[in-house]
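These notes concern the structure reproduced below.
The values are calculated or read from the model by the stated rules, or taken from the named source; none is laboratory data. Note that the structure is predicted; figures quoted are calculated from it, not measured. Here the Cβ positions follow ideal geometry from the backbone for every residue, glycine too, while neighbour counts run over all protein chains shown.
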Amino acid sequence: MAVMPDRVLKPEIGNKGDIPTISPQDFLEEMARVDVYLTAGTEVSPVPNESRVVVYTDPGSAGADRFRLAQMGLKRLQAARKLRTLLITSPLPGDGKSTVALNLATVLSESGKVPVLLLEADVYQPTLTLKLGIKPWPGLTECYTHGDHAMMAIRRINPLGFYLLPAGQPVTGGVGLFESNFASQLFKSLSSSYFSWILIDSPPAIPVADILSLRAHADATLLVARAGKTPREAIEETTRHVGPDHVLGIILNGVEGINRAYAKYYGYGGYEGRSKHAKSKTIVGLGLDEHAR
């Protein structure tokens with residue numbers, strides 16, 4: 001059975017067996033950085049504007065700044081709670097969860113310095129390769145059908161710096177993929193991998209029951225809701241299904257007034273975000289400290 005290979009030291013760390021001529025402290029600091037790489041194929045994305053990966057295409061925008069704020073909060077929580085695997089979902093289709101997942105994967109990878117895996121678990125309506133403008137390749141559904149090891153379908157996405165395990169060809173109906181031994185083995189492999197972050201882009205929570213199976217493999221859940229579109233009742237129902245204690249926070253998408261020129265197609269709100277359709281008691285936004293009770 002094929003497995004994900006161990007990390008390999010970059011050639012510049014050592015030279016033909018020579019002992020590095022640096023102090024022990026400097027050596028430890030160097031090893032703490034991601035001076036390693038995973039042996040995986042590479043796909044080069046043109047990162048079209050339609051991808052809405054604003055942390056790369058428009059780094060000075062309000063949206064990109066909100067994702068950097070989310071990065072800071074997640075890193076603090078990772079240190080405090082040993083978070084690693086995050087389930088990213090939304091109550092309904094069209095709330096923007098896949099766009100959020102792409103931006104979080106990009107910003108957390110820090111231009112490839114931190115090994116981040118984005119796992120596309122929405123096998124019903126996969127969109128990530130289309131958003132990235134790259135040719136799709138066999139992913140989860142093909143590996144499940146043919147009995148292949150899904151870890152071998154991982155590829156690095158440049159210039160964004162994260163790794164992607166795509167959903168593959170879309171399926172219809174309940175295929176039982178995430179309730180299968182295939183999924184158990186996959187997440188077991190991921191748990192022993194060297195990824196610092198594993199982000200799961202799941203199907204929407206309410207129409208698809210797979211969310212409960214995926215929840216069992218995640219440390220916490222991020223909900224994505226769209227201001228003026230996602231009903232509060234849908235957010236509350238999703239929170240009940242996932243479990244309030246498992247919900248890390250809610251990212252409020254499409255808030256007007258943060259950057260009006262940019263908000264024509266995208267915007268982010270935190271505690272200070274205001275929408276007449278959303279109440280702060282329910283929407284936590286990008287605070288990411290805890291779910292509002």
Residue that is nearest to G133 (Cα to Cα), among those in segment 47-76 that are within 15 Å of the chain's Cα centre (by Cα) and among the basic types (K, R): R52
Selection status of A79, more than 14 Å from the chain's Cα centre (by Cα) and more than 25 Å from D58 (Cβ to Cβ): yes
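Tell me which residues, restricted to segment 153-177, are more than 19 Å from the chain's Cα centre (by Cα) and closer than 18 Å to S189 by Cα. Let's see the steps before the verdict.
We begin by selecting, within segment 153-177, every residue more than 19 Å from the chain's Cα centre (by Cα); these are 169-177.
Passing the criteria: only L177.
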Does any residue of segment 154-163 turn out to be among the polar types (S, T, N, Q), more than 23 Å from S111 (Cβ to Cβ) and surrounded by fewer than 21 Cβ atoms within 10 Å (Cβ to Cβ)? no
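Being in contact (Cβ under 8 Å) with a residue 40 or more places away in the chain, surrounded by fewer than 24 Cβ atoms within 10 Å (Cβ to Cβ) and not in a helix (DSSP H, G or I) narrows it down to one residue among G60, G94; which is it? Working first, answer last.
Details: G60 fails: in contact (Cβ under 8 Å) with a residue 40 or more places away in the chain.
Step by step, each of G60, G94 is checked, and only G94 is in contact (Cβ under 8 Å) with a residue 40 or more places away in the chain, surrounded by fewer than 24 Cβ atoms within 10 Å (Cβ to Cβ) and not in a helix (DSSP H, G or I).
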Of the conditions (1) closer than 24 Å to P166 by Cβ; (2) more than 15 Å from the chain's Cα centre (by Cα), F195 fails just one. Which one is it? (2)
List every residue pair whose Cβ atoms sit under 9 Å apart, with the two residues 6 or more apart in sequence or on different chains, where the first one lies in segment 149-169 and is on the phi > 0 side of the Ramachandran plot and the second, anywhere, is surrounded by fewer than 24 Cβ atoms within 10 Å (Cβ to Cβ) and of a type in the set (K, R). G161/K113
Please verify whether segment 36-46 includes one or more residues that are within 20 Å of K131 (Cβ to Cβ), modelled with pLDDT of 50 or more and touching a Ser or Thr at 6+ places or on another chain (Cβ under 7 Å). no
Report whether or not S184 is farther than 24 Å from G63 by Cβ, surrounded by 15 or more Cβ atoms within 10 Å (Cβ to Cβ), small (G, A, S) and under 20 Å from the mean Cα position of the chain (by Cα). no
If K188 satisfies every condition in (1) modelled with pLDDT of 90 or more; (2) in contact with a Pro (Cβ under 9 Å, 6 or more places away or on another chain) but one, which is the exception? (2)
Go over the candidates T141, T172, T145 one by one and state the one that is of a type in the set (S, T, N, Q) and closer than 17 Å to S98 by Cβ. T141
Which numbered condition R232 fails, given (1) surrounded by fewer than 20 Cβ atoms within 10 Å (Cβ to Cβ); (2) touching a residue at least 60 places away in the same chain (Cβ under 8 Å); (3) farther than 30 Å from S111 by Cα: (2)
What tally of residues in segment 216-229 results from selecting those that are touching a residue at least 12 places away in the same chain (Cβ under 8 Å), within 20 Å of the chain's Cα centre (by Cα) and either crowded, with 21+ Cβ neighbours inside 10 Å or more than 23 Å from F162 (Cβ to Cβ) (or both)? 8
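Select from segment 231-268 the residues that are charged (D, E, K, R) and in a loop (DSSP other than H, G, I, E, B) and write down the one among them that is modelled with the lowest pLDDT. Explain how you work it out, then say what you get.
Residues of segment 231-268 that are charged (D, E, K, R), as a first pass: 232-233, 236-237, 240, 245, 256, 260, 264.
With in a loop (DSSP other than H, G, I, E, B) added as a condition, the list becomes 256, 260, 264.
Details: E256: 59, R260: 48, K264: 45.
That would be K264.
What's the total number of residues in segment 97-119 that are farther than 15 Å from V55 by Cα and part of a loop (DSSP other than H, G, I, E, B)?
The first filter runs over segment 97-119 and keeps only residues farther than 15 Å from V55 by Cα, leaving 97, 113-119.
Remaining after also requiring part of a loop (DSSP other than H, G, I, E, B): 113-115.
So the count comes out to 3.
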